[in-house]
Amino acid sequence: MSAAGDARGGCHCGAVRFVARFPSRFVAHCHCASCRRAHGAAFVTWAGFPSDQVAVSVGAELLKVHESSPGTTRSFCGMCGTKLVFQSEKWPGETHVPLAAFDEPVDRPPQGHAFWGEHASWLPALATPPA
């Protein structure tokens, strides 16, 4: 975490860079089928922020946006395809950023699991289910 109370990150190729100001609203593992498919992973760990606390500092013109379900958009780097931003009408005023896209720690560790009922059946037992 930088001294200014924020964390920086970016896409895999480095063409898109962002900064997120603390405090975050949450950090959690999402197991929904949409996140799993979009990221090609067992789950995605998101850091959620009020939208006005997240800014693209380099490469905003390279971001591509698609509507992954009604009222939900996912933005990604048009050069390398890295998913960087999730926004949904379900959570107005929030921007969710994959924790793995940050270069430095955010202000809290993951706090739980969302949509556990949709988790991948092949997820190893070592993943901690929600309490």
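Scaled against 2.2 N^0.38 Å for its residue count N, the alpha carbon radius of gyration of the stretch 29-95 is 1.09.
In order along the stretch 56-73, the Karplus-derived 3J(HN,Hα) couplings, from 6.51 cos²θ - 1.76 cosθ + 1.60 at θ = phi - 60°, round to 7, 9, 9, x, 4, 5, 8, 5, 10, 10, 9, 8, 7, 7, x, x, 10, 10 Hz, and Gly and Pro are given as x.
The chain: percent of C-alpha pairs farther apart than 22 Å?
Values: 2936 of 8515 pairs.
So the pairs more than 22 Å apart make up 34 percent of the total in the chain.
DSSP loop GluC sites (Glu not before Pro) in the stretch 1-98 with at most 15 other Cβ atoms within 10 Å of their Cβ, which ones?
E89
Taking other Cβ atoms within 10 Å as a rough exposure proxy, W116, W122 sort from fewest to most as W122, W116.
Which value, in debye to the nearest 20, describes the size of the charge dipole of the chain about its Cα centre when Lys and Arg Cβ atoms bear +1, Asp and Glu Cβ atoms bear -1, and nothing else is charged? Don't jump to the answer; show the numbers that get you there.
Working: 11 positive and 10 negative charges, 41 e Å.
It works out to roughly 200 debye.
Taking trypsin sites (Lys or Arg not before Pro) across the stretch 32-131, the ones in a DSSP loop with at most 13 further Cβ atoms lying within 10 angstrom of their Cβ are K90. Ordered by the number of other Cβ atoms lying within 10 Å of each residue's own Cβ, fewest first, D52, D6 fall into the sequence D52, D6. Once backbone amide H atoms are built at 1.01 Å from N, R25 has G48, F49 as its partners under 5 Å, excluding neighbours fewer than 5 places away on the same chain.
The numbers here are math on the coordinates, done by the rules we state, and not lab data. Owing to the predicted nature of the structure, the values given are computational and were not obtained by experimental measurement. No Cβ is skipped: glycine too gets one built from the backbone with ideal geometry, and neighbour counts run over all protein chains shown.
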